[in-house]
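Input: a single structure, listed below in structure tokens.
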Amino acid sequence: MDLTPDSTLSVAPPKRAGTRRSASKTRTEAPAAPPAPSGVASVSQLNATLAEYLTPSELKKVKEAYRFSDEMHLGQMRKSGEPYISHPIAVAEICAEWKLDAQAIMAALLHDVMEDQDVKKDELIERFGAPVATLVDGLSKLEKIEFQSQIEMQAENFRKMLLAMARDVRVILIKLADRLHNMRTLGAMSSEKQRRISRETMEVYVPIAHRLGLNNIYRELQDLSFSHLYPVRYQTLAKAVKAARGNRRDMVTKILESVKSALTAAGIPAQVYGREKTLFGIYRKMRNKHLSFSQVLDVYGFRVVVDNFPNCYVALGTLHALYKPMPGKFKDYIAIPKLNGYQSLHTTLVGPYGTPVEFQVRTQDMHRVAESGVAAHWLYKSEEGNISDLQQRTHVWLQSLLDIQKQTGDSAEFLEHVKVDLFPDSVYVFTPKSKIIALPRGATALDFAYTIHTDVGDQTIAVKINHEQAALRTELRNGDIVEVITSPTSRPNPNWLSFVRTGKARSAIRHHLRTINLNESIELGKRLLAQALSALKLDPVVGDDMAQRLLNESSAKSMEELYADIGVGKRMAALVARHVLGIVEGESGMDLPVPGDKSNKLDPVIIYGSEGVTVQLAPCCQPIPGDDIVGQLRRDQGIVVHALDCEVARRQRGKEPDRWIDVVWGTDLNRRFDCRIMLLLRNEPGVLARVASAIGESDANITFVSMDDDTDQLLTQMRFTVQVENRAHLARIMRHVRSIPGVTRLLRERN
């Protein structure tokens, strides 16, 4: 979720290995965000909570873990001035609220002893058993390993945590509790660290909490992150909501009384209560829909919790009889649950004074799962059968992390794939045998094929959507019936990477292309290194003696492997060339040029757009010939070409400037390039046909079309992906389309 201009995860520098039992070390997580609960964690309160569900023998083991943690953190203080042991106790308290088992509580108390106090895993195994030691190890960062960059270090830490979570979901539950307490006590940190930690929380931990159905934590982490990323906006919005709460109190009371009376008259036992939208939820709606606060009418919603499944639908009918439903605003998440197991009926009604009012209707069991997600497995073990489907869904997702790991050798790429799959919005489609498949919103028919099985995706040649032939890049919509047609001789196409949406599909395609396009990567690597050597006035052909010197000082086993690494972006040609220069000048006694000296500027790499997997056009800006371009060396992706004015490229250049090279378009390009255009036009019969005809008459092919779901509006928004030769060709198309009556706005859509 991109809240700031810099949406890439930033990274704190690695801490030095601490001395065990150090009395002076201070941790970097600390006090006090606006919505946070106050007060120091209490051992007595933790004991009282644990005594409600743990056996005496389990309590004894937990106390041993507490004593050991207290000894290890003795003298260590938090930024707030509290004894550091208060943090593990607070994390354990949050886990105890979910009724996590004794092993998880022990791991929560011990979760920082390996990272902070250099306690070895073997010692934890000896004292507390292998399961507890494994949980603590999964929660500990990789502090002692040297990484090439801070981003690589953070990506590898996330990979370790997520793979540990895939094997035992308790790892992420403890980690979320840890992050929640750190966010509650973040106020003593510098403003820069508050923003960095909050951005990381919003991008990774918030979607994980949502994906696991932990809605209470999901909402609190969102609001806490919002309060530190945008403190002024947070405070302003909080004051506006407080004022609105007083202004709308009479209306809320009137609706509550009316609903309770109607349900009682219908003989439906139910609990009815109002709920206020989170501040971040209100802010996101204002931002996404460009609304002022006064235009956000549904600040309040209502929840109806009934006693059994049939009464959900009876209660819904009662509500619709009481207030008129708004067309198109009903969703049945009971028949088709969300990916995280969430079930409820959602409806929006026109309440008193014409104000839209949202209602959620669910049973008690659904309510438990909605609030606690997978943690309900521990909270309500006696009712485990009611959430078996949720457990199964979670297991499938966690297993997919292991599948992606097998196909991905690079930690940054692994994290990229996982973050893609963490987006909360989903579409639900059907197989020809009526099995429901859930995919991220924006997923294509090819993503569907890879979701069925990697081999099915690799061998896909065509798809049918709702029994009609469709392109592999077609975005799926709720309710689509998708049929995949395969051929044993079919293989993945490099162009597939430009439109697949899921992490599983991307990792599988890249894995396949890396193995079959080795020669292509080697040739590109040779070309890049030759250009880099020529720019430094060196022989572009690496001789046998120099090749052996390079191999001896690198991890590559052969020059072919070294060239391939350069070709797929694992190594930078400029740095390898400078290494060669260092060897040559070291032998001759000459001075080594200063890196970045403009006299050593490399000649630009020529891009033809037909190089295959080793050169990709960035999907964010979709550059076409005529655009000024720049190249990014990405690990295992070769060169990714961006438009020079691309906002995504600008942000990433600021983080890793050494991975960018100059590129230019070649001449005699014999292919066409995808380009997105967006139109705003009057919603009238035949308008789509007129626009499509104008594009076709301009000698362009349409590969994708979408339009607003709401067809009742006077104006509608349409998006086309068209294939063009260059900017001049695109300009001709846009002039032709702009002349159509009813087109009020037309632009090229990027980023």
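The values are calculated or read from the model by the stated rules, or taken from the named source; none is laboratory data. Every value quoted in this text rests on a predicted model; they were computed, and no experiment measured them. Neighbour counts are summed over all protein chains in view; Cβ atoms, including those assigned to glycine, are modelled from backbone coordinates with ideal geometry. These accessible areas exclude ligands, DNA and RNA; they are computed on the full protein's heavy atoms, side chains included. Shrake-Rupley method; radii C 1.70, N 1.55, O 1.52, S 1.80 Å.
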Given the residues I172, I89, which is the only one that is surrounded by 18 or more Cβ atoms within 10 Å (Cβ to Cβ), at pLDDT 90 or above and within 28 Å of P56 (Cα to Cα)?
I89
Of the conditions (1) among the β-branched types (V, I, T); (2) in a loop (DSSP other than H, G, I, E, B); (3) open to solvent by 50 Å² or more (accessible area, probe 1.4 Å), I740 satisfies every one except a single condition; which number is it?
(3)
Search result, residues across the range 468-508 that are open to solvent by 40 Å² or more (accessible area, probe 1.4 Å), outside any loop (DSSP other than H, G, I, E, B) and among the polar types (S, T, N, Q):
Q469, T486, N495, S498
Quick count over the range 310-367, residues being closer than 30 Å to S294 by Cβ, open to solvent by less than 10 Å² (accessible area, probe 1.4 Å) and either part of a strand (DSSP E or B) or touching a Leu at 6+ places or on another chain (Cβ under 6 Å) (or both), is 6
Counting only residues that are at pLDDT 90 or above and hydroxyl-bearing (S, T, Y), how many does the range 209-229 have?
2
Taking the range 725-737 and keeping only residues that are part of a helix (DSSP H, G or I), charged (D, E, K, R) and touching a residue at least 24 places away in the same chain (Cβ under 8 Å), one is left with R727, R732
Filter the range 431-478 down to the residues that are more than 25 Å from K338 (Cα to Cα) and of a type in the set (S, T, Y) and list them by number.
T460
If R287 meets every condition in (1) open to solvent by less than 40 Å² (accessible area, probe 1.4 Å); (2) out of contact with any helix residue (DSSP H, G or I) (no Cβ under 8 Å at 6 or more places or on another chain) apart from one, which number is that one?
(1)
Among the candidates T394, T348, T355, T363, single out the residue that is closer than 22 Å to L263 by Cβ, of a type in the set (S, T, N, Q) and at pLDDT below 80.
T355
Condition met for R510 (out of contact with any helix residue (DSSP H, G or I) (no Cβ under 9 Å at 6 or more places or on another chain), on the phi < 0 side of the Ramachandran plot and in contact (Cβ under 8 Å) with a residue 40 or more places away in the chain):
no
Could you count how many residues in the range 517-539 are under 33 Å from the mean Cα position of the chain (by Cα) and not in a helix (DSSP H, G or I)?
1
The condition of being at pLDDT below 85 and either of a type in the set (S, T, Y) or under 30 Å from G631 (Cα atoms) (or both) holds, among N670, N683, only for N670
Condition check: open to solvent by less than 20 Å² (accessible area, probe 1.4 Å), within 22 Å of Y428 (Cα to Cα) and in contact with a strand residue (DSSP E or B) (Cβ under 6 Å, 6 or more places away or on another chain). Does A462 satisfy that?
yes
With the checklist (1) surrounded by 15 or more Cβ atoms within 10 Å (Cβ to Cβ); (2) at pLDDT 80 or above in hand, flag the one item K570 doesn't pass.
(2)
Residues of the range 241-276 being at pLDDT 90 or above and of a type in the set (K, R), in sequence order, are K260
Picking from S140, S198, S149, which residue would you name as being at pLDDT below 80 and touching a His at 6+ places or on another chain (Cβ under 8 Å)?
S140
Please specify each residue of the range 258-291 satisfying the condition of being part of a helix (DSSP H, G or I) and over 23 Å from P310 (Cα atoms).
L279, F280, G281, I282, Y283, R284, K285, M286, R287, N288, K289
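Go through the range 609-641 and give me each residue that's part of a loop (DSSP other than H, G, I, E, B), at pLDDT 75 or above, open to solvent by 20 Å² or more (accessible area, probe 1.4 Å) and under 21 Å from T667 (Cα atoms).
Q622, G626, D628
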Identify, by number, the condition in (1) at pLDDT 90 or above; (2) closer than 21 Å to G479 by Cα that H320 doesn't meet.
(2)
Does the range 92-135 hold any residues that are in contact (Cβ under 8 Å) with a residue 60 or more places away in the chain, open to solvent by 50 Å² or more (accessible area, probe 1.4 Å) and within 22 Å of E52 (Cα to Cα), and which are they?
K99, Q103
Condition first: modelled with pLDDT under 90, in contact with a His (Cβ under 8 Å, 6 or more places away or on another chain) and either under 17 Å from D137 (Cβ atoms) or not polar (S, T, N, Q) (or both). Can you find one or more residues in the range 68-77 that meet it?
no
Is there any pair linking a residue in the range 278-290 that is closer than 20 Å to F302 by Cβ to one that is open to solvent by 30 Å² or more (accessible area, probe 1.4 Å) and in a helix (DSSP H, G or I), with Cβ under 7 Å and at least six apart or on different chains, and which?
T278/R219; L279/A238
Any hit, the range 663-678, residues being of a type in the set (S, T, Y) and either more than 30 Å from A573 (Cα to Cα) or open to solvent by less than 20 Å² (accessible area, probe 1.4 Å) (or both)
no
